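S.K.: Please see the structure below; I have some questions.
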Amino acid sequence: QVQLVESGGGLVQAGGSLTLSCAASGSGFGSYAMGWFRQGPGKQRELVAEITSDGRTNYADSVKGRFTISRDNAKNTVSLQMNNLKPEDTAVYYCNFLIRGLSGRYYAAKSDWGQGTQVTVSS
């Protein structure tokens, strides 16, 4: 069974940067779109960045221009570079495979989420 392990979170001041990493076990990683999700305190989990198997990216408006998603298919990893962090970016961040729904939107493919990595941004 494929497992996803997130790392790289931490405590940072507003305006700072962090890079998150997600390592996937198993085969076939390069064939799938991948995404980074986050769940802030008292909020629903949301998709903030997505990358297709061929490297096309898309971002939520709240992070556009500040976050960059990338992937290394040879290493089965996907990363999220986060710059100019804001207190509202505070959340647990998760990665997941993505599947496209009938509406064209991407959704999380795996129902069992990893442990995530905590990002806390102080003001």
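S.K.: Report the far tail of the P(r) of the chain, meaning the percent of Cα-Cα pairs longer than 18 Å.
M.R.: Tail of the P(r) past 18 Å holds 47 percent of the pairs.
S.K.: Still on this structure, I have one more. Could you sort LYS86, LYS64, LYS75 by accessible area so the largest value comes first, with the probe set to 1.4 Å?
M.R.: Putting LYS86, LYS64, LYS75 in descending order of accessible area: LYS75, LYS64, LYS86.
S.K.: What is the gain in length, in nm to one decimal, between SER17 and ASP112 on full extension, counting 0.36 nm per residue of separation less the C-alpha to C-alpha distance? Provide the component values of the computation, followed by the final result.
M.R.: On the way: separation 95, 0.36 × 95 = 34.20 nm, distance 2.83 nm.
The span from SER17 to ASP112 would gain 31.4 nm if fully extended.
S.K.: Right, here's the next one. Accessible area per residue, 1.4 Å probe, Å², for the chain: what's the number?
M.R.: Per residue, the chain has 53 Å² of solvent-accessible surface.
S.K.: Right, something else. With all protein chains present, calculate the accessible area of ASP61 using a 1.4 Å probe and round the result to the nearest 10 Å².
M.R.: My reading of the accessible area for ASP61 is about 130 Å².
S.K.: Run the accessible area of the chain with a 1.4 Å probe and give the carbon-and-sulfur part as a rounded percent. Walk me through the numbers before you get to the answer.
M.R.: Numbers: 3060 of 6530 Å².
Result for the chain: 47 percent of the exposed heavy-atom area is carbon or sulfur.
The values are calculated or read from the model by the stated rules, or taken from the named source; none is laboratory data. The model shown is predicted, which means the values in this text are computed figures rather than measured ones. Areas reflect the complete protein model, heavy atoms only, side chains present, ligands, DNA and RNA absent. Shrake-Rupley method; radii C 1.70, N 1.55, O 1.52, S 1.80 Å.
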